[in-house]
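The structure appears right after this line, and notes come after that.
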Amino acid sequence: MALTAEGAGKGGVQVKLQWEKIVTWPNLITSIRIAGAVALIWILPFSPLFYGVYLICGLSDGLDGMVARLTKQTSDFGRLLDSVADLILYSVTFLKILPAMVSLLSRWIWVWLAAAVILRLMVYILIAVKFRKFAATHTWLDKLSSILVFLVPFTIIPGYGDWGCGLALLAATAASLEELLMFGASSAYDPGRRSLFQTKCGYPKCSSSAADGQQGTEA
């Protein structure tokens, strides 16, 4: 079948619109975090340069969400990219500081860490099975746990690693338990819900997203 000029024109417009949704200021800021995380692979841990790059990555984590809300450029892709950036940053950081953590942290921290990871996986599995989508969560407790996890590398060398990790794990455990209750009781996936006690979505167009989630569960 021959491709008409009109069809080609419409296709070009659609591609341009999709590209504009992806290449946004919030997503570019998130990409800085990914680039910084990759750079950390070759930087000596606990060095001034390491902390400098790590701090820039952390600042981008707070800035991208703020810019997205101010410019009304929130999107499912942006939320997913943000979670991927966090995963890369914290995975690289964990591997870089792991030798120091092994020698300085108490055993109970590692047991708690394993339990927290299992709880987090349960949240993702619940969302995937119930709403038929892979989606990251962004509740207030998630934000708190992210901040506390980010501060952990600054607590290891001074000798406060158990306290730093303990507080981060407490927040992460609470966040996962809240999300298990929140999404377990929900009939539709609401990407903007920030708390178990919040019934309104915090993102634009969330009602359509929730409706899509409802249709997905009924399909």
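The values are calculated or read from the model by the stated rules, or taken from the named source; none is laboratory data. This one's a predicted model, so the numbers in the text were calculated from it and none came from an experiment. So basically every Cβ, Gly included, is an ideal-geometry build from the backbone, and we count neighbours across all protein chains shown.
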- request: Can you confirm whether the range 71-86 contains a residue that is over 12 Å from the mean Cα position of the chain (by Cα) and modelled with pLDDT of 90 or more?
  value: no
- line: Filtering the range 170-181 down to residues that are crowded, with 21+ Cβ neighbours inside 10 Å and touching a residue at least 40 places away in the same chain (Cβ under 8 Å) yields Ala172, Ser176, Glu179
- request: Check the range 144-151 and report whether any residue there is surrounded by fewer than 16 Cβ atoms within 10 Å (Cβ to Cβ), closer than 26 Å to Leu55 by Cα, outside the structural domain of Phe46 (by TED's automatic domain parsing) and at pLDDT below 95.
  value: yes
statement: Requiring at least 2 residues that are touching a Pro at 6+ places or on another chain (Cβ under 8 Å), the helices (runs of 4 or more DSSP H) wholly within the range 43-154 are 48-70, 76-104
- prompt: Within the range 157-169, can one find any residue that is touching a Phe, Trp or Tyr at 6+ places or on another chain (Cβ under 6 Å) and either outside the structural domain of Ser187 (by TED's automatic domain parsing) or buried (at least 19 other Cβ atoms within 10 Å of the Cβ) (or both)?
  reply: yes
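A quick yes/no check of all residues on (1) buried (at least 18 other Cβ atoms within 10 Å of the Cβ); (2) in contact with a Cys (Cβ under 7 Å, 6 or more places away or on another chain); (3) closer than 15 Å to Phe94 by Cα:
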| site | (1), (2), (3) |
| --- | --- |
| Trp25 | no, no, no |
| Val38 | no, no, yes |
| Pro45 | yes, no, yes |
| Gly52 | no, no, no |
| Asp61 | yes, no, no |
| Ala68 | yes, no, no |
- prompt: How do the pairs read when you match residues in the range 44-58 that are free of Cβ contacts under 8 Å to residues at least 12 places away in the same chain with residues anywhere that are outside any helix (DSSP H, G or I), using Cβ under 6 Å and keeping only pairs 6 or more apart or on different chains?
  reply: Leu49/Ile43
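Let's see how each residue does on (1) out of contact with any helix residue (DSSP H, G or I) (no Cβ under 8 Å at 6 or more places or on another chain); (2) among the β-branched types (Val, Ile, Thr); (3) at negative phi; (4) assigned by TED's automatic domain parsing to the domain that holds Val149:
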| residue | (1), (2), (3), (4) |
| --- | --- |
| Leu49 | yes, no, yes, no |
| Thr71 | no, yes, yes, no |
| Ser83 | yes, no, yes, no |
| Leu89 | no, no, yes, no |
| Leu95 | yes, no, yes, no |
query: Among all residue pairs at least 6 apart or on different chains, which show Cβ distances below 7 Å where the first residue, located in the range 61-80, is closer than 7 Å to Pro26 by Cα and the second is modelled with pLDDT under 85 and not charged (D, E, K, R)?
result: Ala68/Thr74
